[in-house]
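Structure first, then comments.
The values are calculated or read from the model by the stated rules, or taken from the named source; none is laboratory data. On a predicted model such as this, the values are computed, not experimentally measured, just so you know. All Cβ positions, even for glycine, are placed from backbone atoms using ideal geometry, and neighbour counts span all protein chains on display. Just the protein is used for accessible areas: all its heavy atoms, side chains included, with ligands, DNA and RNA removed. Shrake-Rupley method; radii C 1.70, N 1.55, O 1.52, S 1.80 Å.
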Amino acid sequence: MRLSELRERLQQLNAEGFVPSERSGPTGIGHTLETRLGLAENNLPIPDIGGRVEVKATRSNTNNLITLFTFNRAVWKFKNKELVERWGYIDESRDRPALYTTVSATESNAFGLQLSVSEDATQLFMTHTPSDTLLATWDMYYVVGKFVTKFERMLFVHADSKRVEGKEYFHYNEAEILSEPSSLTFRDGFANGIVTIDIRMYLRPSGAARNHGTGFRILEQNLPKLFGTIDRIV
């Protein structure tokens, strides 16, 4: 599909006004967009802008956190079990030690954890600020590489949503091509608190640690801030 055809299809979809969701639940907005555009995957080839494009749809009247990717490899300075025991809490609903928390660079969270970026933007740190203890270090080269590989280009479509007799409807009324993500935009995303990290660990009854993956997260509406170029197509 060429860019001109994609723009035409999106303009036609916009002109239809509110259309019924093809699927219930939070994934309905993306599935309905792909169905209406005749897409079989969550990305599509657009040869005249240089390759495949990730497709993302968002509800304009909500602002949900999404996971960009997970990255754990060789970053922790302590074993997961010790992290939970020293800096976690007791999850009373499941009766187990756990450490589920969001960490940002703008302020220390309730557990005293905070992110920071090195002056040369080559490393990302997580520190327990009350004790000045370094818990993890990420190489920004690998972090940015994960992001750029997955989101080199994105079709970002906004839709108003409403419910009528329990069924959701969407009006797809704005679309942008996001491109040129870089180490600078990603670094600034951390520094400004736009990109955060979710820790998701707990201890099994045996005492063994279970790590569901450290998630790099962002509010959907802030995604364009991670890209150098934003081209409005609808």
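Can you confirm whether the stretch 71-78 contains a residue that is out of contact with any strand residue (DSSP E or B) (no Cβ under 7 Å at 6 or more places or on another chain) and open to solvent by less than 70 Å² (accessible area, probe 1.4 Å)? No, that holds for no residue.
Only one of the numbered conditions (1) free of Cβ contacts under 8 Å to residues at least 60 places away in the same chain; (2) crowded, with 16+ Cβ neighbours inside 10 Å; (3) out of contact with any helix residue (DSSP H, G or I) (no Cβ under 8 Å at 6 or more places or on another chain) is violated by residue 190, and that is (1). Residues that are assigned to a helix (DSSP H, G or I) and open to solvent by 80 Å² or more (accessible area, probe 1.4 Å) within the stretch 8-23 comprise 8, 11, 12, 15, listed in sequence order. Which members of the stretch 134-150 meet the condition of being free of Cβ contacts under 8 Å to residues at least 24 places away in the same chain and among the β-branched types (Val, Ile, Thr)? Passing the criteria: only 149.
Scoring residue 84 on the criteria (1) surrounded by 19 or more Cβ atoms within 10 Å (Cβ to Cβ); (2) in a strand (DSSP E or B) leaves a single failure, condition (2). Can you name the residue in the stretch 109-123 that is within 21 Å of the chain's Cα centre (by Cα) and open to solvent by less than 60 Å² (accessible area, probe 1.4 Å) and is also farthest from residue 83 (Cα to Cα) among such residues? So, considering only residues that are within 21 Å of the chain's Cα centre (by Cα) and open to solvent by less than 60 Å² (accessible area, probe 1.4 Å), the one farthest from residue 83 (Cα to Cα) is 121.
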